[in-house]
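**Student:** Structure in structure tokens, see below.
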Amino acid sequence: MWTVPNIVTIIRVLLIPVFVVVYFLDWQWAHEAGAFIFWLAAITDWFDGYLARKLQQTSKFGAFLDPVADKLIVASALLMITHTYQSLWITIPAIVLLVREIYVSALREWMSQEGKNDVVKVSFLGKAKTMAQMLALIGLLSGLETFMGVAIYWVSLGHVLLYIAAVLSLWSMVEYSIAAWKYLRTA
């Protein structure tokens, strides 16, 4: 249980309350600091997987904890941006992203119980969704209306990336559902 990759994942979980508290502090750079902590947590997601493979320290506990940590911090960030922006244009894609995460997690759990993990393994589409989602959340959490110097009229790149993530999210959800359909049909 106490492998280096698992410790990195546990640190990501422990960063969640720090991220939330810092984000809501009443000081000038709170949103930017919160976005930085979120970015740091997002980097640890890549880093723990890399370490697990490199050090050959994969474990069942790590395979369980890693996606849970991801979903916890992403769900927190999605709730925080819906609170901050109080806009239907942020709330709708945030709900789509949350619903997809719950659905795909449940689907993967069910397929795992059926011994069919490989049917709904993470795809390139799912990875693209995650990348767009993380970049969107960093941009929106920071509160900067331009992200990396780019703004499209009244919409920041963070808004655009959030919608791209929502579309990729729905697409990957459909893709996973189609792949699992023959097993779902006979259940």
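**Student:** Over the chain, what is the relative contact order in whole percent, taking alpha-carbon pairs under 8 Å and six or more residues apart?
**Tutor:** 23 percent
**Student:** Turning to a different aspect of this structure: Which FRET efficiency value, to the nearest 0.05, do you get for N117 and T84 by plugging their Cβ-Cβ distance into 1/(1 + (r/R0)^6) with R0 = 35 Å?
**Tutor:** The formula returns an efficiency of 0.40 here.
**Student:** Let me ask something else about it. Could you rank the peptides 157-168, 27-38 by their average count of other C-beta atoms within 10 Å per residue, with the highest value first?
**Tutor:** Result, highest mean Cβ count within 10 Å first: 157-168, 27-38.
**Student:** While we're looking at this one, here's another question. Per 0.36 nm of contour for each residue apart, how much would the distance between W171 and K127 grow if the chain were fully extended, relative to their Cα-Cα spacing?
**Tutor:** Numbers: separation 44, 0.36 × 44 = 15.84 nm, distance 1.21 nm.
14.6 nm is the gain from fully extending W171 to K127.
**Student:** Rank-order 116-127, 10-21 by packing density, defined as the average count of other C-beta atoms within 10 Å over each peptide's residues, highest first.
**Tutor:** Result, highest mean Cβ count within 10 Å first: 10-21, 116-127.
**Student:** Would you calculate, for the chain, the mean residue ellipticity at 222 nm contributed by helices, counting each DSSP H stretch of 4 or more residues as -39,500 (n - 2.57) and dividing by all residues, to the nearest 500? Walk me through the numbers before you get to the answer.
**Tutor:** Details: 6 runs with 145 residues, N = 187.
Computed mean residue ellipticity for the chain: -27500 deg cm²/dmol.
**Student:** Under the classification rounded if a/c is under 1.5, otherwise prolate if a/b is larger than b/c and oblate if not, where does region 4-185 fall, given a ≥ b ≥ c as square roots of the Cα gyration tensor eigenvalues?
**Tutor:** Values: a/c = 2.16, a/b = 1.34, b/c = 1.61.
Because a/c hits 1.5 or more and a/b fails to exceed b/c, region 4-185 counts as oblate.
**Student:** For the chain, compute the number of Lys pairs whose alpha carbons are separated by less than 15 Å, excluding pairs fewer than 8 positions apart on the same chain.
**Tutor:** 4
**Student:** So, by mean Cβ neighbours within 10 angstrom, what's the order for 180-186, 81-87 with the highest one leading?
**Tutor:** Those peptides, ordered most packed to least, come out 81-87, 180-186.
**Student:** Work out, step by step, the length gained on full extension between I43 and W181: first 0.36 nm times the residue separation, then minus their alpha carbon distance; give nm to one decimal.
**Tutor:** Value of the extension gain: 46.3 nm.
Any read-out appearing in this document is the output of simple, stated calculations on the displayed coordinates, not a laboratory observation. Computed from a predicted model, the values in this text were never measured in an experiment. All Cβ positions, even for glycine, are placed from backbone atoms using ideal geometry, and neighbour counts span all protein chains on display.
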